[in-house]
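First the structure, in the form of structure tokens, and then the observations on it.
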Amino acid sequence: MQKKERFENFVAYFTENQPEAETELNYSNPFELLVAVILSAQCTDKRINAVTPALFEKFPTAELLAVSHFDEVFPLIRSVSYPNNKSKHLIGMAKMLVEDFNSEIPADIKELQKLPGVGRKTANVIASVIYHQPAMAVDTHVFRVSKRLGLVAQNAKTPLEVEKQLVKYIPEDYIARAHHWLILHGRYVCLARTPKCEECNITHFCRYFEKNLAKVSKK
């Protein structure tokens, strides 16, 4: 199957079966989403959703978080991955947001990446979810699933390479949703160690299934 056909099948299936895909992080405004995405690096959304209510209650605004201290933030996020660095990043992010951006979350991806704790993936999430830009955030799920499906080259070695290949072929109107399609499929079906191919509804255009399991299933 040609790459173009895989992309067409991918968009067609998820448009029909998961048209309203969105982030599983809980938030009520752009500031809360930015905090949650920073915390979610190398951590599950379930864990982040468990710690953010208390964090948002104590620091509901960038102004309050900007004048906080490490010893106030750290206990609230102790259970997430890398809490030391993330505590410092959150405080630094809030300070820069207040001082340099008038407490407004920037829409520009390059501007977003100036904030402590914000890499390209996080910036793309904010740009796509808050500002509805055609930005493709590549996390471990997107990286893995896009390769398995055959949407990107197997020799794509970095998230940026994967991002560029995905946005090249996915129609602009679908890019933001496609990010969530790939994440959710990777989180619940196309698992890293044991993909649930027997439960998967898109094996008909999956390169991994085609190469590894299609012949076995025909026996």
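The values are calculated or read from the model by the stated rules, or taken from the named source; none is laboratory data. Every value quoted in this text rests on a predicted model; they were computed, and no experiment measured them. All Cβ positions, glycine included, derive from the backbone under ideal geometry; neighbour counts span all protein chains shown. The protein model used for the area step is the full one, side chains on, heavy atoms only, and it has no ligands, DNA or RNA in it. Shrake-Rupley method; radii C 1.70, N 1.55, O 1.52, S 1.80 Å.
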### Message
Looking only at the range 33-47, count every residue that is in a helix (DSSP H, G or I) and either closer than 21 Å to Y131 by Cβ or under 11 Å from the mean Cα position of the chain (by Cα) (or both) and tell me the total.
### Response
8
### Residue that is nearest to F31 (Cα to Cα), among those in the range 52-92 that are in a loop (DSSP other than H, G, I, E, B) and among the hydrophobic types (A, V, I, L, M, F, W, C)
F59
### Task
Return yes or no: is V167 open to solvent by 20 Å² or more (accessible area, probe 1.4 Å), among the β-branched types (V, I, T), touching a helix residue (DSSP H, G or I) at 6+ places or on another chain (Cβ under 7 Å) and part of a helix (DSSP H, G or I)?
yes
### Single residue of the range 175-210 satisfying the filter (among the hydroxyl-bearing types (S, T, Y) and without any contact (Cβ under 8 Å) to a residue 12 or more places away in the chain) that is surrounded by the most Cβ atoms within 10 Å (Cβ to Cβ)
T203
#### Entry: E16 being of a type in the set (D, E) and not in a helix (DSSP H, G or I)
no
### Query
Does the range 114-131 contain any residue that is surrounded by fewer than 14 Cβ atoms within 10 Å (Cβ to Cβ) and within 17 Å of the chain's Cα centre (by Cα)?
no
#### Entry: Pick from the range 102-161, criterion basic (K, R) and in a loop (DSSP other than H, G, I, E, B), ranking: farthest from P195 (Cα to Cα)
K114
